[in-house]
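Undergrad: Structure in structure tokens, see below.
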Amino acid sequence: MPAARPQKTQPSKPFWSTVDDQRALDLVTALMRIPGPSCHEAAIAADLRRRLRAAGISAAAITTDTAHKKSPAGGDTGNLIVKVPGTNRGPRRLLMAHLDTVPLAVGCRPIRRGDSLVSGNRRSGLGADNRSGVAAVLTAVLEIIRRKLPHPPLTLLFTVQEELGLFGSRFVDVRKLGRPQLAWNFDGRGPQRITRAAIGGRTLEISFQGIASHAGGAADRGVSAVALAGLAIHDLVSGGWHGEFVRGGKVGTCNLAMIQGGDATNVVTDRVDIRGECRSFDRRLLDRIAREVDRACQRAVRTIKNSRGQRGSVSFQTDVEYEPFTLPKHAPSVTVAAEAIRSLGMKPEVLTTQGALDANWLNARGIPVATLGAGQVAGHSLDERLDIDQFLAGCRVALRLATG
Ligand SMILES: [Zn+2]
């Protein structure tokens with residue numbers, strides 16, 4: 001009798017540390033082929049619904065909200081929300097990613113090049129932003145179902161219109177999310193990166209109304225809107241409220257970016273429009289910046305009178321583009337993510353970002369979302385690619401987090 005083959009006694013890997021790499025890659029490739037620019041996410045949402053149903057998730061567990069009806073941009077579907085009952089107890093966990101891509105990614109034909117996926121169509125981006133995140137979240141839940149892995153109650157949230165202005169997350173129906181206590185948004189590059197804070201922004205819109213008159217014969221009767229704008233801008237710059245500044249230890253920025261007015265040199269200009277924005281991690285500083293801009297405009301209006309004692313006027317409007325958020329370093333969404341990343345042999349990096357994320361709006365609504373990466377590189381460009389190793393590591397992080 002031949003000697004029995006020596007049995008390899010490999011220590012078996014913990015269940016959460018592996019995913020089926022080929023399935024995950026096939027999935028992200030299939031998702032990238034489906035066009036889904038902002039406001040046109042119905043097709044990709046339908047594809048996700050089909051995959052979830054095929055995996056055995058009940059139709060009743062999959063809903064959409066009406067964010068698109070509240071969005072100023074309209075759109076063909078709301079956010080897709082999936083609730084998966086837990087096999088064990090524990091706080092509900094939410095995993096999310098945005099469904100839409102930038103318009104540049106429409107027409108993408110994903111092909112493999114070296115260690116990456118790229119678009120085979122040279123005129124399109126890849127759409128790894130954010131089909132990589134969608135695929136990571138989906139991979140986690142499909143692995144859980146296929147391999148019957150134990151897990152706490154889960155909510156999956158696939159948002160619309162992120163690229164257009166975070167409208168999906170801004171208008172999400174939080175009542176449908178089931179009060180998750182831990183939450184992660186997959187939308188980024190390195191799977192070891194945890195973004196725990198993001199800046200907030202306000203729009204600034206100013207319209208100066210002057211009084212038109214002949215620039216030669218009746219200049220004294222005019223009130224120049226150009227002069228009003230100039231005074232207000234000078235006031236903001238000399239007062240340290242333009243560019244980057246620090247107030248009370250908090251950093252803010254203010255940028256008056258576009259200015260328009262006047263249509264003839266022989267007329268005292270009666271209208272100037274200015275558009276800009278301000279940003280900060282501190283919500284109160286954001287409000288303060290907007291107030292200072294408003295005040296500078298009002299002071300300018302009070303400064304100039306024509307020969308009849310008349311003044312111009314100003315209308316000022318500001319709107320919240322996105323609210324800032326900062327999760328403390330010891331917030332569970334941060335520490336649990338760091339532990340998951342460490343357990344998979346990576347070194348967690350905790351970061352803040354100057355950009356805006358869906359996480360801004362969810363945190364503003366009381367859901368503590370940290371943002372993680374899943375291999376997208378050079379998003380919003382023709383050079384966009386998916387780093388396959390990073391994507392697969394992102395899938396493993398998602399599985400680890402979803403299984404608790
Ligand atoms: Zn994105």
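Undergrad: Is there any pair with a first residue in the range 159-185 that is under 21 Å from Ala398 (Cα atoms) and in the same structural domain as Thr66 (by TED's automatic domain parsing) and a second that is of a type in the set (S, T, N, Q) and surrounded by fewer than 24 Cβ atoms within 10 Å (Cβ to Cβ) whose Cβ atoms are under 6 Å apart and which are 6 or more apart or on different chains, and what are they?
TA: The qualifying pairs are Leu177/Thr155; Gly178/Thr155; Pro180/Thr155.
Undergrad: Continuing with this model, one more query. Take the residues of the range 156-207 that are of a type in the set (S, T, N, Q) and within 26 Å of Ile57 (Cβ to Cβ): which is surrounded by the fewest Cβ atoms within 10 Å (Cβ to Cβ)? I'd like the intermediate steps shown before the answer.
TA: Taking the range 156-207 first, the residues of a type in the set (S, T, N, Q) are 159, 161, 169, 181, 185, 192, 195, 203, 207.
Now drop any that are not within 26 Å of Ile57 (Cβ to Cβ), which leaves 159, 161, 169, 181, 185.
Numbers: Thr159: 31, Gln161: 31, Ser169: 30, Gln181: 14, Asn185: 30.
Out of the qualifying residues, it is Gln181.
Undergrad: Assess whether Ser71 counts as being over 23 Å from Gly188 (Cα atoms) and either touching a Phe, Trp or Tyr at 6+ places or on another chain (Cβ under 6 Å) or within 16 Å of the ligand (Cβ to nearest atom) (or both).
TA: Working: over 23 Å from Gly188 (Cα atoms): yes; either touching a Phe, Trp or Tyr at 6+ places or on another chain (Cβ under 6 Å) or within 16 Å of the ligand (Cβ to nearest atom) (or both): yes.
Answer is yes for this residue.
Undergrad: Could you list all residues from the range 276-325 that are in contact with a Phe, Trp or Tyr (Cβ under 6 Å, 6 or more places away or on another chain) and either closer than 22 Å to Arg170 by Cα or not assigned by TED's automatic domain parsing to the domain that holds Val237 (or both)?
TA: Pro324
Undergrad: Among the residues of the range 333-386, which ones are away from the ligand (no atom under 16 Å from the Cβ), part of a helix (DSSP H, G or I) and polar (S, T, N, Q)?
TA: Those that are away from the ligand (no atom under 16 Å from the Cβ), part of a helix (DSSP H, G or I) and polar (S, T, N, Q): Ser333, Thr335, Ser343, Asn363.
Undergrad: Here's something else I'd like to know. Tell me yes or no: at least one residue of the range 327-340 is surrounded by 20 or more Cβ atoms within 10 Å (Cβ to Cβ) and within 17 Å of the chain's Cα centre (by Cα).
TA: yes
Undergrad: Now, a different point. Restricting to the range 381-397, name every residue that is in contact with a Ser or Thr (Cβ under 8 Å, 6 or more places away or on another chain) and over 19 Å from Pro103 (Cβ atoms).
TA: Just the residues of the range 381-397 that are in contact with a Ser or Thr (Cβ under 8 Å, 6 or more places away or on another chain), to begin with: 382, 384-388, 391, 394-396.
Selection gives Asp387, Ile388, Phe391, Gly394, Cys395, Arg396.
Undergrad: Report whether or not Leu256 is in a helix (DSSP H, G or I) and among the aliphatic types (A, V, I, L, M).
TA: Numbers: in a helix (DSSP H, G or I): no; among the aliphatic types (A, V, I, L, M): yes.
Considered against the rule, which asks whether it is in a helix (DSSP H, G or I) and among the aliphatic types (A, V, I, L, M), Leu256 comes out as no.
Undergrad: Quick one: which residue in Arg396, Arg385 is surrounded by 24 or more Cβ atoms within 10 Å (Cβ to Cβ), within 30 Å of Ala105 (Cβ to Cβ) and basic (Lys, Arg)? Steps first, answer last, please.
TA: On the way: Arg385 fails: surrounded by 24 or more Cβ atoms within 10 Å (Cβ to Cβ).
Going through Arg396, Arg385 in turn, the sole match is Arg396.
Undergrad: Separate question: Which of the residues spanning the range 341-361 are more than 21 Å from Val102 (Cα to Cα) and touching a residue at least 24 places away in the same chain (Cβ under 8 Å)?
TA: At the first step, the residues of the range 341-361 found to be more than 21 Å from Val102 (Cα to Cα) are 341-352.
Those that are more than 21 Å from Val102 (Cα to Cα) and touching a residue at least 24 places away in the same chain (Cβ under 8 Å): Ile341, Ser343, Leu344, Met346, Lys347, Pro348, Glu349, Val350, Leu351, Thr352.
The values are calculated or read from the model by the stated rules, or taken from the named source; none is laboratory data. Remember, predicted model here, so these are calculated numbers, not experimental data. Glycine gets a Cβ as well: all are built from the backbone with ideal geometry, and neighbour counts include every protein chain shown.
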